[in-house]
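See structure below.
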Amino acid sequence: MQTEKEAEDDAPPEEYVGLSDFTASGEDELSFCSGDKLHVLSKSSSDWWWAELRGVKGYVPASYLRPEGAEEDPWQDEEYFGSYGTLTLHLEMLSDRSRTEAYRQVVLSNSASLRDKVVMDLGCGTGIISLFCAQLAQPSVVYAVEASSMADYTRQLVKQNGCEEVVTVLQGRAEEIELPERVDVLVSEWMGNCLLFEFMVESVLLARDRWLREGGIMWPSSAALTMVPCQADRYFSEKMAFWEQPYGLDFTPLQPLAQQEFFTKPKFSYLIEPADCLSAPSDVLCFNMYKLQIKDLEEMSAQFQFCVERPGVFHGFTAWFTVHFESLEKGGTAVELNTGPDSEPTHWKQTLFMLDKPVCVCAGDSIGGAVVLRRNPVWRRHMSITLNWSINSSTEETDDSQVGTKTFPMWR
Ligand SMILES: NC(=[NH2+])NCCC[C@H]1O[C@@H](n2cnc3c(N)ncnc32)[C@H](O)[C@@H]1O
């Protein structure tokens with residue numbers, strides 16, 4: 001294993017600029033301010049780099065830096081659409097049967113009403129939803145819009161499956177492409193982790209306002225972010241309790257580092273067991289896709305009140321989402337895609353927010369508080385989630401460990 005010094009001698013220093021202030025929390029970390037020019041001496045890990053600023057060396061978080069000279073694209077489109085130009089993410093999404101079958105069911109159950117309709121599939125990826133439309137219904141046309149280089153392959157897949165009469169693939173950002181006409185149905189699979197991460201929903205709202213005809217249909221029609229206070233024994237023991245006595249040694253001095261490294265950001269793709277939910281879940285945010293405005297996404301907040309149903313350890317909160325696709329037929333049943341612990345797991349799984357200190361709770365206790373989602377004003381695909389909570393115990397008197405607040409960056 002190369003030391004920082006050896007690595008330092010190998011590569012010439014690279015110039016990076018601080019994107020925001022960073023305050024060191026360990027003596028081997030290096031504080032800097034937004035705009036500081038640092039020399040990165042070695043990138044021994046993807047998250048922490050060895051750098052120098054005004055003669056002082058130390059570790060800095062890579063996510064707080066950008067290469068000198070690289071202009072800041074607040075949408076990070078090169079990286080974002082670059083990632084969708086390869087198969088990894090598309091394979092993950094197509095392998096997610098719960099997600100993909102839900103969209104197939106929407107087309108199938110609305111097949112008759114889709115006849116002769118004009119459809120836009122926003123962010124079509126490999127075109128799976130557009131191919132479902134052409135295969136299971138008879139729309140007059142499907143405009144399959146895809147900004148990444150995958151669009152070239154999507155055209156081939158449309159041809160390969162004999163759908164070129166119905167499906168027209170347009171490469172470009174949905175906000176920028178021109179359609180020859182307004183659409184009757186705007187369908188998109190835009191949901192990110194915690195529903196909103198990536199904020200692709202902004203593109204869907206812009207396309208709605210520009211291309212959806214009066215009385216047109218949004219699929220999904222509505223979305224809800226759900227939260228529940230939970231136990232996370234497995235995750236807590238893996239990341240925190242582990243340091244108590246590995247191989248009979250006391251490694252607890254590493255626990256503050258573990259806290260910083262594993263519990264500061266939300267844990268994506270966490271599969272929570274229904275038995276880990278300490279209370280009934282609650283839909284903290286609900287979105288009507290016909291009325292939702294982009295400005296509403298800057299800051300969203302909600303109160304919650306959970307009644308603990310079983311004794312356990314309150315390690316944190318878990319979040320997931322549900323979307324509904326209304327029927328094109330009057331009185332028809334909506335299709336639901338629920339990514340919660342009581343449904344078939346999806347590639348999103350759930351998102352876990354770990355508190356700094358677990359708290360024992362008893363049945364009958366109540367966990368009240370609020371959640372605030374704040375979109376990042378600079379990095380438009382990112383947000384922070386602030387959770388405030390207080391535990392009103394039905395048995396013990398309230399002491400300070402019963403109240404808390406924590407803000408989680410996702411990711412900036
Ligand atoms: N559910 C998600 N979190 N991601 C799944 C859908 C993302 C797909 O939509 C494409 N995509 C995302 N935004 C856009 C946009 N504004 N215009 C066109 N394609 C887009 C992206 O390249 C990818 O192929």
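The values are calculated or read from the model by the stated rules, or taken from the named source; none is laboratory data. Since the model is a prediction, treat every value here as computed from it, not as a measurement. With ideal geometry, Cβ positions are generated from the backbone for all residues, glycine too; neighbour counts draw on all protein chains shown.
Can you work out which of the residues in region 343-358 that are of a type in the set (A, V, I, L, M) and crowded, with 22+ Cβ neighbours inside 10 Å is nearest to residue 391 (Cα to Cα)? Before the answer, list the steps.
We begin by selecting, within region 343-358, every residue of a type in the set (A, V, I, L, M); these are 352, 354-355.
When the remaining residues are screened for being crowded, with 22+ Cβ neighbours inside 10 Å, the result is 352, 354.
Values: 352: 19, 354: 16 Å.
Per the criteria, the residue is 354.
Of 179, 206, 170, 195, which residue is within 10 Å of the ligand (Cβ to nearest atom) and farther than 26 Å from residue 321 by Cα? Even if it seems obvious, please write down each step before you answer.
Numbers: 179 fails: within 10 Å of the ligand (Cβ to nearest atom); 206 fails: farther than 26 Å from residue 321 by Cα; 195 fails: farther than 26 Å from residue 321 by Cα.
After applying the criteria, what remains is 170.
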Checklist entry - Is it true that residue 378 is touching a residue at least 60 places away in the same chain (Cβ under 8 Å), assigned to a loop (DSSP other than H, G, I, E, B) and among the β-branched types (Val, Ile, Thr)? => result yes
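Across region 135-144, what is the total count of residues that are out of contact with any helix residue (DSSP H, G or I) (no Cβ under 8 Å at 6 or more places or on another chain) and under 19 Å from residue 179 (Cβ atoms)? Walk me through it before giving the result.
Quick first cut of region 135-144, residues out of contact with any helix residue (DSSP H, G or I) (no Cβ under 8 Å at 6 or more places or on another chain) only: 135, 138, 140-141, 143.
In the following step, the residues that additionally are under 19 Å from residue 179 (Cβ atoms) were identified as 140-141, 143.
Result for region 135-144: 3.
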Next on the checklist: Checking residue 364 against (1) surrounded by fewer than 21 Cβ atoms within 10 Å (Cβ to Cβ); (2) outside any loop (DSSP other than H, G, I, E, B), only one condition comes out false. Which one?
Outcome noted: (2)
Next on the checklist: hydroxyl-bearing (Ser, Thr, Tyr) and within 16 Å of the ligand (Cβ to nearest atom): which single residue out of 140, 237, 148 fits that description?
Outcome noted: 148
Checklist outcome for this item: Here the residues within region 302-313 that are within 24 Å of residue 383 (Cβ to Cβ) and either surrounded by 13 or more Cβ atoms within 10 Å (Cβ to Cβ) or modelled with pLDDT under 95 (or both) are 302, 304, 306
Checklist entry - What residue, of 357, 349, is more than 16 Å from the chain's Cα centre (by Cα) and of a type in the set (Lys, Arg)? => result 357
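Which of the residues spanning region 48-59 are outside any strand (DSSP E or B) and within 16 Å of residue 21 (Cβ to Cβ)? Full working, then the answer.
Kept after step one, since they are outside any strand (DSSP E or B), are these residues of region 48-59: 54-55.
Matches in region 48-59: 54 only.
Being more than 13 Å from the ligand (Cβ to nearest atom), more than 18 Å from the chain's Cα centre (by Cα) and part of a loop (DSSP other than H, G, I, E, B) is the filter here; which residues of region 60-85 pass it? Working first, answer last.
The first filter runs over region 60-85 and keeps only residues more than 13 Å from the ligand (Cβ to nearest atom), leaving 60-74.
Remaining after also requiring more than 18 Å from the chain's Cα centre (by Cα): 60-62, 64-73.
Within region 60-85, 68, 69, 70, 71, 72, 73 qualify.
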Checklist outcome for this item: If you go through 107, 60, 118, 142, the only one that is touching a residue at least 60 places away in the same chain (Cβ under 8 Å) and crowded, with 18+ Cβ neighbours inside 10 Å is 118
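Restricting region 21-47 to residues that are of a type outside the set (A, V, I, L, M, F, W, C) and outside any loop (DSSP other than H, G, I, E, B), which is nearest to residue 260 (Cα to Cα)? If you could, list the steps in order and put the result at the bottom.
Step one: filter region 21-47 for residues of a type outside the set (A, V, I, L, M, F, W, C), giving 21, 23, 25-29, 31, 34-37, 39, 42-47.
Okay, now just the ones that are also outside any loop (DSSP other than H, G, I, E, B), so 29, 37, 39, 42.
Details: 29: 13, 37: 25, 39: 24, 42: 22 Å.
Top of the filtered list is 29.
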Item to check | Answer residue from region 320-342, given it is hydroxyl-bearing (Ser, Thr, Tyr) and in a loop (DSSP other than H, G, I, E, B) and is surrounded by the most Cβ atoms within 10 Å (Cβ to Cβ) among those | outcome: 339
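Take the conditions crowded, with 17+ Cβ neighbours inside 10 Å and of a type in the set (Asp, Glu) and apply them to residue 202. Does it pass? Before the answer, list the steps.
On the way: crowded, with 17+ Cβ neighbours inside 10 Å: yes; of a type in the set (Asp, Glu): yes.
For residue 202, the condition - crowded, with 17+ Cβ neighbours inside 10 Å and of a type in the set (Asp, Glu) - is met.
Take the residues of region 86-100 that are part of a helix (DSSP H, G or I) and surrounded by 15 or more Cβ atoms within 10 Å (Cβ to Cβ): which is farthest from the ligand (Cβ to nearest atom)?
Let us first name the residues in region 86-100 that are part of a helix (DSSP H, G or I), namely 87-95, 97-100.
Okay, now just the ones that are also surrounded by 15 or more Cβ atoms within 10 Å (Cβ to Cβ), so 89-90, 93-94, 98-100.
Working: 89: 7, 90: 7, 93: 6, 94: 11, 98: 13, 99: 9, 100: 11 Å.
Among those that are part of a helix (DSSP H, G or I) and surrounded by 15 or more Cβ atoms within 10 Å (Cβ to Cβ), it is 98.
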Checklist outcome for this item: Restricted to region 225-237 and to residues being in a strand (DSSP E or B) and not hydrophobic (A, V, I, L, M, F, W, C), the residue surrounded by the fewest Cβ atoms within 10 Å (Cβ to Cβ) is 226
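Is one or more of the residues making up region 112-120 within 14 Å of the ligand (Cβ to nearest atom) and either over 23 Å from the mean Cα position of the chain (by Cα) or under 30 Å from residue 382 (Cβ atoms) (or both)?
Just the residues of region 112-120 that are within 14 Å of the ligand (Cβ to nearest atom), to begin with: 120.
If we keep only those that are either over 23 Å from the mean Cα position of the chain (by Cα) or under 30 Å from residue 382 (Cβ atoms) (or both) too, we end up with 120.
Yes; the residues of region 112-120 include at least one that is within 14 Å of the ligand (Cβ to nearest atom) and either over 23 Å from the mean Cα position of the chain (by Cα) or under 30 Å from residue 382 (Cβ atoms) (or both).
Given the structure, is residue 250 on the phi < 0 side of the Ramachandran plot, in contact with a Cys (Cβ under 7 Å, 6 or more places away or on another chain) and among the acidic types (Asp, Glu)? Outline the logic, then answer.
Working: on the phi < 0 side of the Ramachandran plot: yes; in contact with a Cys (Cβ under 7 Å, 6 or more places away or on another chain): no; among the acidic types (Asp, Glu): yes.
It is false that residue 250 is on the phi < 0 side of the Ramachandran plot, in contact with a Cys (Cβ under 7 Å, 6 or more places away or on another chain) and among the acidic types (Asp, Glu).
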Checklist entry - Which residue pairs have Cβ atoms under 6 Å apart, sit 6 or more places apart or on different chains, and have a first residue in region 177-200 that is within 22 Å of residue 97 (Cβ to Cβ) and a second that is part of a strand (DSSP E or B) and acidic (Asp, Glu)? => result 187/121
Checklist entry - What are the residues in region 291-323 that are of a type in the set (Val, Ile, Thr) and under 12 Å from residue 231 (Cβ atoms), if any? => result 308, 313, 318
